[in-house]
């Protein structure tokens, strides 16, 4: 095949920007020494041991996973009905509604998250209304709820879009067939529409869970210093502590963790006999 | 033997955004009958079927099922099942669960479901396919599963929307026979939609010919073929020679400059008419004996017969015959009175 040679630039790109950096991270994770000086490097499991021997780090990992799972579940509970309702509209209205969902994503991620500070802050809009009504201001920021809010707000479109796209592709004849065989609207949804939309749900879960479990910006801004996540820990190692070995080790641990989670989800997906598609 | 009406369509009209798709359809369907809605695409046959199934609500008119008005009843409450055009089998379920779908909804005990599914698989000749996935089946097999999935619910009426359209010719012929056999065995009313006239003639007890949202003719396959009510039906069912003629008086018609005896009456004196003659009804005789004379201009071998085009003055006759005449030969042609069908000239085909 002559076309084979067209894949060369992509292979180069992949190696240069994905494979080599990934190998570097593995290399850093499995070595110790002065991060800025290659000659001091030696093979060691020290960073991995440091992580697993410290209950503090394990706790941060568990906390990150918990928050990511909760935000994924909230996104799913909110996102599925939204996707379903929009998919039922006529194509013209549908596109407008989806556009409205996507437009905020054109805004800078940081800016969108900052906006919540002015809403939820001590002198923010919500608290000033509460105070005008004569109540004490509420602690809306710098807690887990604020982090969850930030995650759900930022990642909800990633749940809605894949589910929406799968729902609109379901052959309408299948729904008619179910009704023909005696299924009312609820049974039709339970037995035909929902099972057929599972690939979209799985993609949505991956697309929300992965950024949520590794985020550091949302927890940084809305969670304050006391509520750090695994993403913040990794960021600290690279930006402030300068321990690239430990930072890389944590990255690898998080990556392996995500891989296991996704493998489990895709296994569940296959057992349900969903149609292909999705991230895995 | 007069059988009871199972479905009545009373004055059904259907409009989509101002376009009339069905125009005052009146039709009854008798119990255990194999009825075919036949017509070109866009004639309204599928819409009629969807109205019976409950997937569309007519703009006007009523659907009566065993004497009860079901116009407003949703599909899932009708004792009617459908075999869809592209089968519409559930891709996320295996063969067993596809067939069992309707029974599970009715909360029928597991062991009975199992029995019934197996019985259906036997009926459609696919024993042992329970655990197969839908995508692993061929088109013909999917077709059979779709029929089994509908029939297992023991509907009073089975609707079939061009179910054989996606199959190749040989398979289609096989399935035609099989469908007819299944219908006889289970004794359920079949309402069948197709644009294939041969399919309609082979399988049906009654054919309803439709065009432009109107019923053109209702009758048995033999009636429809031998006594088409208008030029549309004549053209659509089989092949026909349609020539202009003049009806001089009862049983006497003139066309191609000759006077012929025929079996039709009740026309005005010297009324302009259309004369329909089937290609196989033109007999080839020697040039001096025939009523008509012409030169063979083309011959095509069609398997059972030859198709010849014979030019007689400005008329080209199509003849189907087992006798072959060389191109350029002069032949005589005769037509028996009962094979000459006279039709009033109408611009829109009213009955």
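The values are calculated or read from the model by the stated rules, or taken from the named source; none is laboratory data. On a predicted model such as this, the values are computed, not experimentally measured, just so you know. Backbone-built Cβ (ideal geometry, glycine too); neighbour counts: all protein chains shown.
A few points about this structure:
- Segment B:207-223, residues that are in contact (Cβ under 8 Å) with a residue 24 or more places away in the chain, surrounded by 19 or more Cβ atoms within 10 Å (Cβ to Cβ) and at negative phi: B:207, B:208, B:209, B:210, B:211, B:214, B:215, B:216, B:217
- Among the conditions (1) surrounded by 15 or more Cβ atoms within 10 Å (Cβ to Cβ); (2) under 30 Å from residue B:238 (Cα atoms); (3) away from chain A (no Cβ under 12 Å), the only one that residue B:42 does not satisfy is (1).
- Residue match in segment A:179-188 (condition: in a helix (DSSP H, G or I), within 14 Å of chain B (Cβ to nearest Cβ) and exposed (fewer than 14 other Cβ atoms within 10 Å of the Cβ)): yes
- Helices (runs of 4 or more DSSP H) (entirely within segment B:44-139) containing at least 1 residues that are under 27 Å from the mean Cα position of the chain (by Cα), in contact (Cβ under 8 Å) with a residue 40 or more places away in the chain and in the same structural domain as residue B:159 (by TED's automatic domain parsing): B:45-53, B:110-123
- Qualifying positions in segment B:10-43 - part of a strand (DSSP E or B), touching a helix residue (DSSP H, G or I) at 6+ places or on another chain (Cβ under 7 Å) and under 17 Å from residue B:206 (Cβ atoms): B:25, B:34, B:36, B:37, B:38
- Out of A:59, A:4, sole residue that is free of Cβ contacts under 8 Å to residues at least 40 places away in the same chain and in the same structural domain as residue A:208 (by TED's automatic domain parsing): A:59
- If the condition is being without any contact (Cβ under 8 Å) to a residue 12 or more places away in the chain, within 22 Å of residue A:256 (Cβ to Cβ) and in a helix (DSSP H, G or I), then segment A:28-55 contributes A:49, A:52, A:53, A:55.
- Residue A:218 at negative phi and either surrounded by 18 or more Cβ atoms within 10 Å (Cβ to Cβ) or more than 14 Å from chain B (Cβ to nearest Cβ) (or both): yes
- In segment A:120-135, the residues that are under 21 Å from residue A:224 (Cα atoms) and either in contact (Cβ under 8 Å) with a residue 12 or more places away in the chain or part of a loop (DSSP other than H, G, I, E, B) (or both): A:120, A:121, A:122, A:123, A:124, A:126, A:127
- Some residue of segment B:121-131 being closer than 24 Å to residue B:78 by Cβ and more than 11 Å from chain A (Cβ to nearest Cβ): yes
- Complete set of residues in segment B:45-102 that are crowded, with 16+ Cβ neighbours inside 10 Å, more than 9 Å from every other protein chain (Cβ to nearest Cβ) and within 14 Å of residue B:153 (Cβ to Cβ): B:83, B:98, B:99, B:100
- Extreme residue, nearest to residue B:36 (Cα to Cα), among residues of segment B:203-236 that are outside any strand (DSSP E or B) and in contact with a helix residue (DSSP H, G or I) (Cβ under 6 Å, 6 or more places away or on another chain): B:204
- Residue B:167 in a loop (DSSP other than H, G, I, E, B), assigned by TED's automatic domain parsing to the domain that holds residue B:90 and free of Cβ contacts under 8 Å to residues at least 60 places away in the same chain: yes
- Test: residue in segment B:186-194 that is under 17 Å from residue B:82 (Cα atoms), within 14 Å of another protein chain (Cβ to nearest Cβ) and either touching a helix residue (DSSP H, G or I) at 6+ places or on another chain (Cβ under 7 Å) or not in a helix (DSSP H, G or I) (or both): yes
- Complete set of residues in segment B:13-28 that are under 16 Å from residue B:65 (Cβ atoms) and surrounded by fewer than 21 Cβ atoms within 10 Å (Cβ to Cβ): B:26, B:27, B:28
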